[in-house]
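Asker: Handing you this structure, nothing more for now.
The values are calculated or read from the model by the stated rules, or taken from the named source; none is laboratory data. Just so it is clear, the structure is predicted and the values come from calculations on it, not from any experiment. Methodologically, a virtual Cβ is constructed for each residue, glycine included, from the backbone with ideal geometry; neighbour enumeration extends over all protein chains shown. Quick note on the areas: whole protein, heavy atoms, side chains included, nothing else; ligands and nucleic acids left out. Shrake-Rupley method; radii C 1.70, N 1.55, O 1.52, S 1.80 Å.
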Amino acid sequence: MRKKKFFQNSTDLDENLINLTPLIDVVFVVLISFILIAPLLEVDHINLAASSTKSDKNIEKTNIVLKVKEDNSILINDRLVTLIELKDILKEKKRLYPNQIPQLYHDKKATFGSYQSIKNLVDIAGFEKLDVVLQPD
């Protein structure tokens, strides 16, 4: 009668085990990458105003009124302009009215890209704030 082996060879054990060290190394590298990159990402936070019928009383008068129509056409103080013209006009408005905050009336059917372009131009012109005016439904 043969005796049962209680202990196997070390080579038999090694063949049955899966080495997780490379997988753990990769997971740690990815985690460290996210930790290092996360503070460098810029995220815009926009606080949406609640629409109400009394919202017109909260709007201050300004000399810089931007409107984006449904077809993405841009008006500044009711004058139709292109993005290239808007950049120069905003710089001039910043020089004339340094403490004013531009107001943007953006049609809900206009694209988000037009909003982003205008926001970037307002920032380039030197304005620190942009009021996005929401009209009640």
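Asker: Quick check, is Ile101 of a type in the set (A, V, I, L, M, F, W, C), part of a helix (DSSP H, G or I) and closer than 21 Å to Glu60 by Cα? Spell out the reasoning first.
Answerer: Working: of a type in the set (A, V, I, L, M, F, W, C): yes; part of a helix (DSSP H, G or I): no; closer than 21 Å to Glu60 by Cα: yes.
No; evaluated as a whole, the condition is false for this residue.
Here's the yes/no breakdown for (1) within 30 Å of Leu130 (Cβ to Cβ); (2) among the acidic types (Asp, Glu); (3) open to solvent by less than 80 Å² (accessible area, probe 1.4 Å); (4) at pLDDT below 90:
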residue	(1), (2), (3), (4)
Lys5	no, no, no, yes
Leu17	no, no, no, yes
Leu20	no, no, no, yes
Leu31	no, no, no, no
Glu70	yes, yes, no, yes
Val81	yes, no, yes, no
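Asker: Assess whether Asp12 counts as being at pLDDT below 80 and either within 15 Å of Asp131 (Cβ to Cβ) or open to solvent by 80 Å² or more (accessible area, probe 1.4 Å) (or both).
Answerer: Working: at pLDDT below 80: yes; either within 15 Å of Asp131 (Cβ to Cβ) or open to solvent by 80 Å² or more (accessible area, probe 1.4 Å) (or both): no.
So Asp12 does not fit the description; no.
Asker: Could you tell me which residue of segment 83-111 is most open to solvent (accessible area, probe 1.4 Å), considering only residues that are closer than 17 Å to Val132 by Cα and charged (D, E, K, R)?
Answerer: Lys108
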